[in-house]
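Visitor: This structure is in structure tokens; I'll ask about it shortly.
The values are calculated or read from the model by the stated rules, or taken from the named source; none is laboratory data. Predicted, not measured: the structure shown is a model, and the values here were computed from it. Neighbour counts run over all protein chains shown; Cβ positions are idealised from the backbone, glycine included. These area figures cover heavy atoms from the full protein model, side chains too; ligands, DNA and RNA do not enter into them. Shrake-Rupley method; radii C 1.70, N 1.55, O 1.52, S 1.80 Å.
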Amino acid sequence: MDSSSTRRQATRQKLFEAAVTLIAEQGFSATTVDEIAERAGVAKGTIYYNFASKTVLFEELLRHGIELLTASLQNAADENAERGGSHVDALDAMIRAGLDFISRYPSLTQLYVAELWRTNRAWQATLMRVRQRAIAAIEAELRAGVAAHEFSGDIDIPLTASALFGMVLVAALDWQSYQPERSLDDVHAALSRLLQGRVGGTVASG
């Protein structure tokens, strides 16, 4: 990658970080391009050089953020496979990766959760596509677990994947907002017990 591409990526990252913080604080409509530029420490024209509009910036911000989360989940599953772990272990590793990601990007997560319920936004289709890619990574582990007879064949894979994804998002936001004194290890252990009892325990009860 040449130096100009590296600089542009660094600039876009600064704009993403400034925008997500401001929009989480005061909402999309109330946030101006001037404020984003000031928070990022760049000229206003830099925003329009990188993005056609504030709406495009926000759409790209959501896509970029959820793709980072998806990569974190997939990396956790891949590393577990390299260690020879089970598919329950893979899901557990993905839960921890999700918690870790959200602890590092809490404003992005707040924004994502808020935007999920606003179906009139211009970026709704993009948001649904990137959300599905994140959930697909979880679905793949569930399907592999069923094939390996770790999970019951009766499991509803799409709904279970969505439930696990949502569990991590909501639990992490609750942790960050209302129980910040708890450690990542503590929160992960609580969700891990839930996973082991509900998903991992499915075969044992069958």
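Visitor: Would it be correct to say that ARG118 is of a type in the set (Lys, Arg), surrounded by fewer than 19 Cβ atoms within 10 Å (Cβ to Cβ) and either touching a residue at least 12 places away in the same chain (Cβ under 8 Å) or in a helix (DSSP H, G or I) (or both)? Before the answer, list the steps.
Guide: Working: of a type in the set (Lys, Arg): yes; surrounded by fewer than 19 Cβ atoms within 10 Å (Cβ to Cβ): yes; either touching a residue at least 12 places away in the same chain (Cβ under 8 Å) or in a helix (DSSP H, G or I) (or both): no.
Answer is no for this residue.
Visitor: When the residues of the range 132-178 are filtered to those that are assigned to a loop (DSSP other than H, G, I, E, B) and open to solvent by less than 60 Å² (accessible area, probe 1.4 Å), which remaining residue is farthest from LEU73 (Cα to Cα)? Can you show your working first?
Guide: Here is the first cut: in the range 132-178, the residues assigned to a loop (DSSP other than H, G, I, E, B) are 148-156.
Narrowing further to those that are open to solvent by less than 60 Å² (accessible area, probe 1.4 Å): 148, 150-152, 155.
Details: ALA148: 20, GLU150: 20, PHE151: 20, SER152: 23, ILE155: 21 Å.
So the residue we want is SER152.
Visitor: Collect the residues in the range 44-94 that are in a helix (DSSP H, G or I), among the small types (Gly, Ala, Ser) and farther than 26 Å from ARG131 by Cβ, keeping them in residue-number order. Can you show your working first?
Guide: Just the residues of the range 44-94 that are in a helix (DSSP H, G or I), to begin with: 44-50, 54-83, 87-94.
When the remaining residues are screened for being among the small types (Gly, Ala, Ser), the result is 45, 65, 71-72, 76-77, 81, 90, 93.
The answer is GLY45, and nothing else.
Visitor: For ARG193, only one of the following conditions fails: (1) at pLDDT below 90; (2) in a helix (DSSP H, G or I); (3) surrounded by fewer than 16 Cβ atoms within 10 Å (Cβ to Cβ); (4) of a type outside the set (Phe, Trp, Tyr). What is its number?
Guide: Result: ARG193 passes all but (1).
Condition check ((1) at pLDDT below 90; (2) in contact with a Gly (Cβ under 8 Å, 6 or more places away or on another chain); (3) surrounded by 12 or more Cβ atoms within 10 Å (Cβ to Cβ); (4) not in a helix (DSSP H, G or I)) across all residues:
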position: LEU22; (1), (2), (3), (4): yes, no, yes, no
position: ALA30; (1), (2), (3), (4): yes, no, no, yes
position: ALA37; (1), (2), (3), (4): no, no, yes, no
position: VAL42; (1), (2), (3), (4): no, no, yes, yes
